[in-house]
Amino acid sequence: MKKIINSNQAPKPIGPYSQAIENNDIVFLSGQLGIDPETGNLVEGGIVEETKQAFKNISNILREGGYTLDSAIKVTCLLDNMDDFQAMNEIYKTQFTNNFPARTAFEVSRLPLNAKIEIEVIAVRRC
């Protein structure tokens, strides 16, 4: 059964989509930017701070649905500049306590709000 997951601790969607959808113990998160949920603006500080904030937003949405980052099985990272890959990786590797999920990372020409990074996650409920 499809269930919408929304967290007040993450930014409201900037378009016509849900923060996350759960179906049969699998949750699909919409891409998260480094938006501060209190201000609705991208955090300052470039790729490092945007990556940290995106993961905070992801964690809060996952928590709302009863998941954690360690529930993630697939992560997609969209970067506006592949030169930021290493800096993103430094933050990324600190976000998981168990094995890392499968991941894809690639450069795109532009992201909403001129963000440096957008991260989407697929997670499963652990038995």
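The values are calculated or read from the model by the stated rules, or taken from the named source; none is laboratory data. Keep in mind that this is a model prediction, so the values were computed, not measured. All Cβ positions, even for glycine, are placed from backbone atoms using ideal geometry, and neighbour counts span all protein chains on display. Heavy atoms of the whole protein, side chains included, go into the accessibility calculation; ligands, DNA and RNA do not. Shrake-Rupley method; radii C 1.70, N 1.55, O 1.52, S 1.80 Å.
The residues of region 48-127 expose on average 53 square angstrom of accessible surface per residue, using a 1.4 Å probe on protein heavy atoms. Using a simple spin-label model with pseudo-atoms 7 Å out from Cα toward Cβ, GLU44 and VAL124 lie 4.4 nm apart.
For the pair GLN9 and THR104 in one chain, pulling the backbone fully straight at 0.36 nm per residue adds 31.6 nm over the alpha carbon distance. Taken about its Cα centre, region 16-127 carries a charge dipole of roughly 420 debye when the Cβ of each Lys and Arg holds +1 and the Cβ of each Asp and Glu holds -1. Among the listed options (i) 40; (ii) 25; (iii) 36, the one matching percent of Cα pairs over 23 Å apart as calculated from these coordinates is (ii). Net charge in the neighbourhood of ASN6 (other residues with Cβ under 15 Å of its Cβ; Lys, Arg +1, Asp, Glu -1) is +2.
With helices as the sole contributors, the chain gives -7000 deg cm²/dmol at 222 nm; each DSSP H run of n ≥ 4 counts as -39500 (n - 2.57), and the sum is divided by every residue.
Helix 46-64 and the long axis of the chain differ in direction by around 10°, with both axes built from C-alpha atoms.
Which percent of the accessible area of region 60-112 is formed by carbon and sulfur heavy atoms (probe 1.4 angstrom)?
Details: 1400 of 2970 Å².
The computed percentage sits at 47.
All other residues whose Cβ lies under 14 angstrom from that of ASN81 are scored, Lys and Arg at +1 and Asp and Glu at -1, for a net of -4.
Computed with a 1.4 Å probe over protein heavy atoms only, the accessible area of PHE100 comes to about 120 Å².
Taking the DSSP bridge list for the chain and keeping only pairs wholly inside it, about 75 percent are antiparallel.
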